[in-house]
Structure formats: structure tokens, C-alpha cells
Amino acid sequence: MGVVISFRKDNVSPEDVLRYFFHEINEAHGLELSLTDPRIKPHLAALKSLAEVYVKTAATEVKGIDETLQEPLLKEITKLRARFLAETVLGVLQEESIVHIVPDHE
């Protein structure tokens, strides 16, 4: 997934993160996923918890390292956070047979 979701912590909820995430998936792949989708509902509590951590761990500064290294580190951390969120949601979609993941060797 190439999109890194960047939100300010003080004005976003976990539901906002998930709505945006599903919107991006829907737009890119012609799906119609939402927080009220019966296939998503069983996983909603876990996804909201993950999205809450995603929001709370947003950082704009890293202390204890050289200032020239801060921006590259923050960019990498942000990408990794977004990837973890994306892979978790993809796992839910696979578990609910909304998508089928084909390993590279198939």
C-alpha cells in the first residue's frame, strides 16, 4: 500500500482512521467496505484498538538522536505504522473471504 495516512492526533478518532482507510480501499479496488459491514463488525473492536494506537503513536519529534536523522527516522516509522495497519486490515479481509491473497509462488 503506497499511501501513508498522516493525521494530527488532536482531531482524529480511530473510527476516522478506519473510515479513511476503507474509503481508500474502496476507491482503489471498487469495493464497498464500511464500519457497518457485517463481515467487518466482528473485527471492529480490534481494528478500532489498532487505529487508536496508530493515532496515539503519531510523532513529530524524536529525542536523543541527531537532528539530521530525525526526519528520515520519522518518515520510516510512519511508513511502518501505516503498513502494519494495512496488513492487519488485509488479514481481516482475507479471513472474511473478501479478498484472497495469492503468495508470490502461486
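Tabulated values for the structure
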{"item": "Average accessible surface area per residue within region 36-103, 1.4 Å rolling probe, Å²", "result": "68"}
{"item": "Nearby aspartates and glutamates by direct alpha-carbon distance to Lys48 (threshold 12 angstrom, same-chain neighbours under 8 apart not counted)", "result": "Glu15, Asp16"}
{"item": "Fraction of accessible area attributable to carbon and sulfur, the chain (%, probe 1.4 Å)", "result": "53"}
{"item": "R0 of 22 Å, Cβ-Cβ distance Val53-Leu31: FRET efficiency to nearest 0.05", "result": "0.35"}
{"item": "For a label point 7 Å along the Cα-to-beta-carbon line of Arg19, residues of region 35-66 with backbone N under 13 Å", "result": "35-36"}
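The values are calculated or read from the model by the stated rules, or taken from the named source; none is laboratory data. These figures come from a predicted structure and were not determined experimentally. Cβ atoms come from the backbone with ideal geometry, glycine included; neighbour counts cover every protein chain shown. Surface areas here come from the heavy atoms of the whole protein model, side chains and all, with no ligands, DNA or RNA. Shrake-Rupley method; radii C 1.70, N 1.55, O 1.52, S 1.80 Å.
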